[in-house]
Structures are given as structure tokens and as C-alpha cells.
Amino acid sequence: DLDRARVAALNVLEDAMLARRAAEAAHAGLRVSEERYRLFIENSLDAFLLTSPDGRIHSANPAACRMFGRSEEEIRALGRPAIVDTSDPRLPKALEERARTGRFSGELTGRRADGEPFPIHVSTSLFTDAAGETHTAMVIHDLSEQHRAAAALRASEQRYRDLVETTHDLIWTT
């Protein structure tokens, strides 16, 4: 009976050790996964924000800080009005769509720390965390360069059109 008790105790101990090793391996895998996501967000060229539907901002990645010209602490303290032009007539429609469908993707007007407005593309979705709190994940892309390029192209096309329409000479293109 003593041998059986020892074998049983060793089996229980071995099972506990195996369970502990499995938990440690799972925890290590979770750490690797968390590190991968952290590096992805911290090194992104686009702004990543964790927010609440009411406009509070809980976290902002370094790209968001660069884009808006503010520290993460400033962005968190000031909330939505610090980064989005609240007078943009598209904002209420965007917030309503997100509230209704759980997501929004479209163009709005951002606001830099110096007050300069600039075009942004916002992709945002609602989610519920483990504590039952509703949050939003937000990705923002600065469209300034694309808008500048489009304006330069329109100006160039207009100059060409003006040249063609005002010249009395024959223009031959091949």
C-alpha cells in the first residue's frame, strides 16, 4: 500500500509539473504574441488609438503623437477635440454610423496641435473588453500628401487646358 501511495503521489506530482510546464509555455507564447502586436503598433506609420465612444482617448501610438504634434499624455487628457475638427460636418454622421453599425471608415478633418486642419482617413470599430466596457479601436491615416498631389495634378491639367483653349496655333500630339 505504501508503494501504491508513493506511485500515486509521484503521478500527481508529475501531472502538476506537466500542467505547470504547459501553462509556462502558453504564457511565453502569449508574451511573444503581445510583443509582436506592441511592435506592430509602435512602429506603424499610421495612428492607432484606443478610445471610448464618448471621445475619451485611452492610448495613442507614437505615430499618432507625431501626426497630431502632441504627447500621448496630451492626447489622452484632451480627447477627441484635440485630434478631430469637431466642426467638421461629417463628424456627427460618422459617429452615428459607428454607433449604428459598430464601425466607420471615411474621411474627416484632423487638427494638429497648432490648430492646423488636415485631411485624415479614419477606420474605427466598437468592441467590448473582458470587463464589459465598450471601446473603439481607431486607425488614422494622414491624407495631406495625397491631397497635395491631387491638387497639383488638377492645377497642371487646368494649365494645359487653358493653353489648349487659348492658343490659335495647331497643337499636334503623337
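The values are calculated or read from the model by the stated rules, or taken from the named source; none is laboratory data. The model shown is predicted, which means the values in this text are computed figures rather than measured ones. Positions of Cβ are generated from backbone atoms using ideal geometry, with glycine treated the same way; all protein chains shown enter the neighbour counts. Note: areas computed on protein heavy atoms with side chains; ligands, DNA, RNA excluded. Shrake-Rupley method; radii C 1.70, N 1.55, O 1.52, S 1.80 Å.
The table below lists the values:
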{"quantity": "Among A25, A63, P89 - extreme Cα towards positive end, dipole of segment 1-95, charges at beta-carbon", "calculated": "P89"}
{"quantity": "Å² per residue, accessible surface of segment 40-174 at 1.4 Å", "calculated": "63"}
{"quantity": "Using alpha carbons only: equivalent-ellipsoid semi-axes of segment 72-174, gyration tensor based, whole Å", "calculated": "42, 16, 11"}
{"quantity": "For segment 9-58: rounded, prolate or oblate by the Cα gyration tensor [a/c cutoff 1.5]", "calculated": "oblate"}
{"quantity": "Lys, Arg +1 and Asp, Glu -1 on Cβ, resulting dipole of the chain about Cα centre, debye, nearest 20", "calculated": "140"}
{"quantity": "Of all accessible heavy-atom area on the chain, the percent that carbon and sulfur account for (1.4 Å)", "calculated": "58"}
{"quantity": "Chymotrypsin sites (Phe, Trp or Tyr not before Pro) restricted to DSSP loop in segment 42-118 with at most 11 other C-beta within 10 Å", "calculated": "none"}
{"quantity": "Dipole of segment 1-155 [Lys/Arg +1, Asp/Glu -1 at C-beta], most positive-end residue of L10, G115, V139", "calculated": "G115"}
{"quantity": "Gyration tensor verdict on segment 39-108 (Cα atoms; rounded if a/c is under 1.5, prolate if a/b is larger than b/c, oblate otherwise)", "calculated": "prolate"}
{"quantity": "Percentage relative contact order, segment 22-174, counting C-alpha pairs under 8 Å, at least six apart", "calculated": "19"}
{"quantity": "Range of Cα positions in the chain per principal axis (Å), largest first", "calculated": "114, 45, 31"}
